[in-house]
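Contents: one structure, followed by commentary.
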Amino acid sequence: MASPTSIKLDDDMKERVQQLADSRKRTSHWIMREAIAQYVEREEKRETLRRDTLEAWEEFQVEGMHATAKEVDLWLTSWGTEDEGPAPECHK
C-alpha cells in the first residue's frame, strides 16, 4: 500500500525532473519514485557490504586466516586460461 508524502525540490531540480519525465514519456512522479527506489536499493547493498566487511575483519582478527594479495593475484591471473587454478587456501 502506498501512502502520499511530499518532497521539496528547488525550481531547477523540479524542471530537470520534468524534462526527463517528458523525454521518457513518464510522469515526474514516476521518475522520482524510480530514482528513490534505485537509491534505496543501492544503499541497502552498500550497507550489507559494509556489515559483511566488518564481520570479515572481526573474524580475521580472531582467526587470522587469510590469503595474501600475491596468492590471490596469481589465482585471478589464471582465470580464463588453460592453467586456471583453484582459489588459494586460507592460512595463518
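Give me the Kirkwood hydrodynamic radius of the chain, using the inverse of the mean 1/r over all pairs of distinct Cα atoms, in Å to one decimal. Provide the component values of the computation, followed by the final result.
Numbers: mean 1/r = 0.0552 Å⁻¹.
Every distinct Cα pair counted, the radius reaches 18.1 Å.
With n ≥ 4 as the cut-off for DSSP H runs, can you work out [θ] at 222 nm for the chain, using -39500 (n - 2.57) per run divided by the number of residues, rounded to the nearest 500? The partial results should precede the final answer.
Working: 3 runs with 60 residues, N = 92.
When only DSSP H runs of four or more count, the value is -22500 deg cm²/dmol.
For a label point 7 Å from the Cα of His91 along Cα→C-beta, name the residues of the stretch 31-74 whose backbone N is under 19 Å from it.
60-61, 63-74
Among Glu41, Glu15, Glu82, whose mean-square fluctuation peaks in a Gaussian network model of the chain (Cα, cutoff 10 Å)?
Maximum fluctuation in the GNM of the chain, among the listed residues, is at Glu82.
All of the numbers you see were taken from the coordinates with simple rules; none came from a lab. For clarity, every value in this text was computed on a predicted model and none was experimentally measured. Note that we place each Cβ from the backbone using ideal geometry, even for glycine, and neighbour counts take in every protein chain shown.
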